[in-house]
1. When the distances between all Cα atoms of the chain are binned every 20 Å from zero, what whole-number percent does each bin get?
2. Considering only protein heavy atoms and a 1.4 Å probe, what is the carbon-and-sulfur percentage of the accessible area of the chain?
3. How big is D, in µm² s⁻¹, for segment 112-204 by Stokes-Einstein at 20 °C and 1.002 mPa s if Rh is the Kirkwood radius over C-alpha pairs?
4. For segment 343-440, take every pair of Cα atoms, bin their distances at 5 Å starting from 0, and report each bin as a whole percent.
5. Mind checking which helices in the chain clear 30 Å along their axis (Cα) and have mean Kyte-Doolittle hydropathy of 0.0 or more, DSSP H runs only?
6. So with the 1.4 Å probe, I'd like the accessible area per residue for the chain, rounded to whole Å².
7. For the chain, what does the relative contact order come out to in percent, with C-alpha contacts under 8 Å and a separation of six or more?
8. Normalised by the residues of segment 328-440, what does the relative contact order come to in percent, with Cα pairs under 8 Å and at least six apart?
Amino acid sequence: MTSKQLDETNGFDRRTLLKTVGGSALAVALAGCTELLEGGDDSLENADVPDEPIESGLQTFTEGAPAVLGKQAQYGAETAVRRINENDGIAGRQMNLDVVEEGGAYLTNYQQFVDEGKDVTFGPISSSGHAEMVPEIEAQEVINVSTDGTVTTLYEEDFPDVTYSFRFQNHDVMEALAAVEQAVEVLGADSIDTYAGINPNYAFGQDEMKLFSQGIEKLTGAEQVYSGFPELGASDMSTHITEVNGQAPDVVFSSCWGGDATLLLEQAHANGMFDNVELLAGTVLYGSANDMSADLVEGPIYSGSRNFYWGEPSTDRWSPAADLVSEVGDEYGVVPTAHFMSGYGAVTAWATAAEKAVRLLGRWPEQEELATILENHGFFTPAGYHSIGADHQGYSNAHFGELTWSDEHDAAALSDVSVFAAKNVSPPPGEISADWIGSW
């Protein structure tokens, strides 16, 4: 699906949005369309709801190279909570958010949140950490909505039957296949004979490389000539870049993120990689947009932006995204990326489901009741429409475009953005991604 096609499928007017969310003040506010509201919303005033605030916890990377993404998730979650509280809370309840460093303390953090009596937890970013947490989430029975932790096998194969563990962000298959589609769109299937990969050496990088390889070989018949896996947080990638230069593949695929993404681009330029390849497709390079300089974005570099890119749909047509960019710039001094939406969307998914549950039950829901509401739950953010499937996986549009520079925002940007509907880059819930790609 191209960005032009998005106009035909997601370019609804905002009166339609108000009708879709049932006129809920909270849902409309979190979608970024508060100007649509007329009059008060008193349908919840007789509900049996506790007086005390909702207590929530987020674990994310706040230190070191991963904080490039982690702080964005924090800013997104904080922004959603601020909007919730400015709009009279969830069924009248205000919301508090505690943020802790993710590091390698995934289980410790989650257990601490549970011991403190948190009503809901959010995070982590790490795929390995998310997989480690799921059994404990199911044992403790306190809902966790992961901001990221996107490895494809998590809900497809590793934990196909869960109750309390959810994920907001698109999973790896969606951005890996968007990268495949982008490479084919730019170069043409007949012009891609070879490809290589440079990906972080853990579950996320390995998962994305496997899926990209399967997709690109299916669509083009291309041969893999090199695949390197530098350690997460590596200080040097020149050996891998030298290998790529020696093979001169048509396409290089990378899922490097955070500080690794900027290091890859720095050393790729320093070692002349862009003189030897036709295209670099990086699924999360744009997550480091605020840490990039204008010289780093030069070259045939294309990046994904998961389920949110602030310029698509055009902010002239979709004012919630424009308003969000302005708000985030004023509050935090950054341009919001897809990882901002990871935090914002995770909070929004839970908050809108909680209010829906109160409307249905006439009281505050138990954890298991709220988990049931979250399944097949649809909601809006400034990025558009999202849903949580019966498989507990988040689904929304995937974005990919050419990396460029914005003088207006003094940050990296994307141009000629392609937008891929979830159904075109991921299997139906209940199917295995590798099997689905194999059936093409």
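The values are calculated or read from the model by the stated rules, or taken from the named source; none is laboratory data. It should be emphasised that the depicted structure is a prediction, and the values quoted were computed from it without experimental measurement. Backbone-built Cβ (ideal geometry, glycine too); neighbour counts: all protein chains shown. Accessible surface areas use protein heavy atoms only, side chains included; no ligands, DNA or RNA. Shrake-Rupley method; radii C 1.70, N 1.55, O 1.52, S 1.80 Å.
1. Per 20 Å bin, starting at zero, the Cα-Cα P(r) for the chain comes out as 28, 58, 14, 0 percent.
2. Of the solvent-accessible surface of the chain, carbon and sulfur hold 42 percent.
3. Rounded to a whole number, D works out at 142 µm²/s.
4. Each 5 Å bin holds this share of Cα pairs: 2, 11, 16, 15, 16, 13, 11, 7, 5, 2, 0.
5. Qualifying helices, which must be both long enough and hydrophobic enough, are 338-361.
6. With all protein chains present, the chain gives 37 Å² per residue.
7. RCO, the chain: 21 percent.
8. 15
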